[in-house]
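J.: I'd like to ask you about the structure that follows.
The values are calculated or read from the model by the stated rules, or taken from the named source; none is laboratory data. All values reported here derive from a predicted model rather than from experimental measurement. Ideal geometry is used to build each Cβ from the backbone, glycine not excepted, and the neighbour counts take in all protein chains shown.
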Amino acid sequence: MRSGSRVWMIGIAAAIGFSSCLAPAMVAQGMGLAQTPPMGWNSWNHFACRVTAADVRSAADAIATNGMKDAGYVYVNIDDCWQGQRDKDGRIQANEKFGDMKALVDYIHSKGLKAGIYSSPGPQTCARYEGSYGHEEQDARQYADWGFDYLKYDWCSASRVYQPDQMQAVYTKMHDALAKTGRPIVYSLCQYGLYRVWAWGASVGGNLWRTTEDISDNYDRMSVIGFDQNGLEKSAGAGHWNDPDMLEVGNGRMNADENLTHMSLWCLLAAPLIAGNDLSKMNPYTLAVLTNKEVIAVDQDAKGIQGRRVAEEGPLEVWAKPLADGSVAVGLFNRGESQNPVSVNFSDLGVEGSARVRDLWNHKDRGELDGHYTAEVPRHGVVLVKVSR
């Protein structure tokens, strides 16, 4: 430990005593969905209601050719504002910006990717397009007929027609409608963490559930959302994940260190990795952040454990996530306004004596170190390492 430096050590014994307890899960849609956190792209963060079929095709083209598909991104998800009117039989139609929805889904599938769509259990979506209220089975069948593989179901106007104590039944209703189609469709609950959804999301058939209000391309907002996930880890596991909302990496308002913090934290959280930027205009840095395979491997680890905070001192935090190979992914975070050194004691990770440390962002081994590891962490930054016996 360097004299005169602001160096701190994790001081929590048995800090990595993570529970493997999983919430009960419905299996009506079959086993195998979302066994690791879903990865893909969603139209909302960048395009919002400006999105068109051409934008979605462009995203599919980019994912298929720029390395994102190889890194694990497979879902191309259309968010709000695709809906048109219902026909005389009540079947939902796409609006003029999307036209032939089946052709669009077929195009996505032709790239070896999967397609996602969006609706609300209320009469209207958040953007006041047609919701699924009273048409749940009909809409589920239409999504399946079009070939969709993922549904984001956003509470929005449902509060106008349902009481809070009906929420679980409402989400179960759409789950059952999806299951009835016979098509495997990942089911994403979007209701902003209301009524402790992490405690019941799996029991209504959810494969993932939003635990927070909307994210924005802002460090303060992103960091509050991400770091507030601590304590929810018991609800996450294969097939059912806590969702702190989509990635803002590449949307331009966070700096390089802040983007690394965002991506590192989401991976430690075993969060869904749903990019939200314009993939057709990415710079090499953004693509490198989104496709770092060593970092993504932390998120997609087969053990399926959500990491948690193991120590904090003021703005400095250490998070850890046990991995299937017996190693531990460790994030050294600095939420402060100046650079600070942050350290981790290996014994607090269940590793006695020396350990190997690998820097995951820089793809560099830091050597075999005795007892602890210290790194200088920039303002709003992170050092993400893998500690192995």
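J.: Quick one: count up the residues across the range 214-241 that are farther than 12 Å from I305 by Cα, in a helix (DSSP H, G or I) and among the polar types (S, T, N, Q).
T.: Qualifying residue count, the range 214-241: 1.
J.: Among the residues of the range 128-142, what is the count of those that are surrounded by fewer than 18 Cβ atoms within 10 Å (Cβ to Cβ) and over 19 Å from G182 (Cβ atoms)?
T.: Of the residues in that region, 2 qualify.
J.: Is the range 196-210 home to any residue that is part of a loop (DSSP other than H, G, I, E, B), assigned by TED's automatic domain parsing to the domain that holds F47, of a type in the set (V, I, T) and surrounded by 19 or more Cβ atoms within 10 Å (Cβ to Cβ)? Please lay out each step first, then the result.
T.: First, pick out the residues of the range 196-210 that are part of a loop (DSSP other than H, G, I, E, B): 196, 200-201, 205-207.
Then drop every residue that is not assigned by TED's automatic domain parsing to the domain that holds F47, which leaves 196, 200-201, 205-207.
Remaining after also requiring of a type in the set (V, I, T): none.
No, every residue in the range 196-210 fails to be part of a loop (DSSP other than H, G, I, E, B), assigned by TED's automatic domain parsing to the domain that holds F47, of a type in the set (V, I, T) and surrounded by 19 or more Cβ atoms within 10 Å (Cβ to Cβ).
J.: Which number in (1) among the acidic types (D, E); (2) within 21 Å of N77 (Cα to Cα); (3) surrounded by fewer than 23 Cβ atoms within 10 Å (Cβ to Cβ) marks the one condition that D257 misses?
T.: So the condition that D257 fails would be (2).
J.: Can you pull out the strands (runs of 3 or more DSSP E) entirely within the range 61-162 that have at least 3 residues that are closer than 28 Å to K281 by Cα?
T.: Values: elements: 75-77, 83-86, 92-94, 114-119, 150-154.
The qualifying strands (runs of 3 or more DSSP E) are 75-77, 114-119, 150-154.
J.: Could you list, in sequence order, all residues of the range 259-281 that are in contact with a Phe, Trp or Tyr (Cβ under 8 Å, 6 or more places away or on another chain) and outside any helix (DSSP H, G or I)?
T.: A270, A271, P272, L273, I274, A275, G276, D278
J.: So, one more: Quick one: would you say V56 is touching a helix residue (DSSP H, G or I) at 6+ places or on another chain (Cβ under 9 Å), assigned to a helix (DSSP H, G or I) and not acidic (D, E)? Lay out the reasoning, then the answer.
T.: Numbers: touching a helix residue (DSSP H, G or I) at 6+ places or on another chain (Cβ under 9 Å): yes; assigned to a helix (DSSP H, G or I): yes; not acidic (D, E): yes.
Answer is yes for this residue.
J.: Going through the range 260-286 one residue at a time, which ones are surrounded by fewer than 19 Cβ atoms within 10 Å (Cβ to Cβ) and either without any contact (Cβ under 8 Å) to a residue 60 or more places away in the chain or not assigned by TED's automatic domain parsing to the domain that holds I78 (or both)?
T.: At the first step, the residues of the range 260-286 found to be surrounded by fewer than 19 Cβ atoms within 10 Å (Cβ to Cβ) are 280-281, 283-285.
Residues satisfying the conditions are K281, N283, P284, Y285.
J.: Could you say which residue among Y192, Y107, Y143 is within 23 Å of the chain's Cα centre (by Cα), assigned by TED's automatic domain parsing to the domain that holds D243 and at negative phi?
T.: Working: Y192 fails: at negative phi; Y107 fails: within 23 Å of the chain's Cα centre (by Cα).
After applying the criteria, what remains is Y143.
Here is a yes/no grid of residues against (1) more than 23 Å from K152 (Cα to Cα); (2) part of a loop (DSSP other than H, G, I, E, B); (3) modelled with pLDDT of 95 or more; (4) not assigned by TED's automatic domain parsing to the domain that holds V76:
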residue	(1), (2), (3), (4)
D245	no, yes, yes, no
E248	no, yes, yes, no
M254	yes, yes, yes, no
D257	yes, no, yes, no
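J.: On the basis of being surrounded by fewer than 21 Cβ atoms within 10 Å (Cβ to Cβ), without any contact (Cβ under 8 Å) to a residue 12 or more places away in the chain and acidic (D, E), does D145 make the cut? Steps first, answer last, please.
T.: Values: surrounded by fewer than 21 Cβ atoms within 10 Å (Cβ to Cβ): yes; without any contact (Cβ under 8 Å) to a residue 12 or more places away in the chain: no; acidic (D, E): yes.
When the stated conditions are applied, D145 does not pass them.
J.: What is the residue count in the range 310-361 for residues that are under 19 Å from E376 (Cα atoms) and not hydrophobic (A, V, I, L, M, F, W, C)?
T.: So the answer is 19.
J.: Return the residue satisfying two criteria in turn: it lies in the range 148-171 and is in contact (Cβ under 8 Å) with a residue 40 or more places away in the chain and not charged (D, E, K, R), and of such residues it is farthest from W241 (Cα to Cα). Full working, then the answer.
T.: Applying the first criterion (in contact (Cβ under 8 Å) with a residue 40 or more places away in the chain) to the range 148-171 yields 148-150, 152, 154, 162, 170-171.
Add one more test, that the residue is not charged (D, E, K, R), and what stays is 148, 150, 162, 170-171.
On the way: F148: 20, Y150: 14, Y162: 25, V170: 19, Y171: 16 Å.
Taking the candidates together, the pick is Y162.
J.: As an exercise: evaluate D370 against (1) over 30 Å from P272 (Cβ atoms); (2) touching a Pro at 6+ places or on another chain (Cβ under 9 Å) and give the number of the one condition it does not meet.
T.: The one condition D370 does not meet is (2).
J.: Name the pairs: first residue in the range 287-309 and on the phi > 0 side of the Ramachandran plot, second residue crowded, with 17+ Cβ neighbours inside 10 Å and in a loop (DSSP other than H, G, I, E, B), Cβ to Cβ under 9 Å, at least 6 apart or on different chains?
T.: G304/T36; G304/P37; G304/A236; G304/A238; G304/G239; G304/A270
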